[in-house]
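The values are calculated or read from the model by the stated rules, or taken from the named source; none is laboratory data. In this text, all values refer to a predicted model and were calculated from it rather than measured experimentally. Here the Cβ is made from the backbone with ideal geometry for all residues, glycine too, and neighbour counts use every protein chain on show.
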Amino acid sequence: MLQPTWYLTDGDWFAQLPTAPRLHPDGQAVIGLVAELFGDESYFNPAKTVATTHVMLLAAEHLGDVLTYARGQHELADLARLVGGLNLLQSHLTQIVQRLAEHMHGHAFRGSAAVPAAATKELTNSLSQAGASGEISAGHLKEAHLALRGLTQ
């Protein structure tokens, strides 16, 4: 669950969905299935973690292609919604990486207690630095989102 923090934008991204462009009914149904698969009441296991990462990578690759080849189809309001969503995504990723660092430091993963102390420290430090960098990135996305909102409202 995303924790409130300084780098989060104040907009409710999901509240914007009713007025956002929609996919065809079959596409919307797929989104509903994905939401159900990853919903709060679902189970947790390594296979689902892999599937989650796979879906996120597919989505990120799509966004990269859209912004490379179809950028002219989008308006500033679309960009504001996208940057607000990227702020949320970066915030989630930042907090996930920070939790990974905490869990590695506390040997919470199966088999991690057998990892040499120096390797654990190096891995924990790397993850902690990634988390700190993520906060900065999310903060810049927040600033960009607020500026875009000011231009589109």
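For segment 128-145, state whether one or more residues are closer than 28 Å to Glu61 by Cα, loosely packed, with under 15 Cβ neighbours inside 10 Å, hydrophobic (A, V, I, L, M, F, W, C) and at pLDDT 95 or above.
yes
Please tell me if Leu123 is in contact with a Leu (Cβ under 6 Å, 6 or more places away or on another chain) and either of a type in the set (Asp, Glu) or without any contact (Cβ under 8 Å) to a residue 40 or more places away in the chain (or both). Walk me through it before giving the result.
Numbers: in contact with a Leu (Cβ under 6 Å, 6 or more places away or on another chain): no; either of a type in the set (Asp, Glu) or without any contact (Cβ under 8 Å) to a residue 40 or more places away in the chain (or both): yes.
In short, no.
With respect to Ala114, determine if the residue is touching a Ser or Thr at 6+ places or on another chain (Cβ under 8 Å) and modelled with pLDDT of 95 or more.
no
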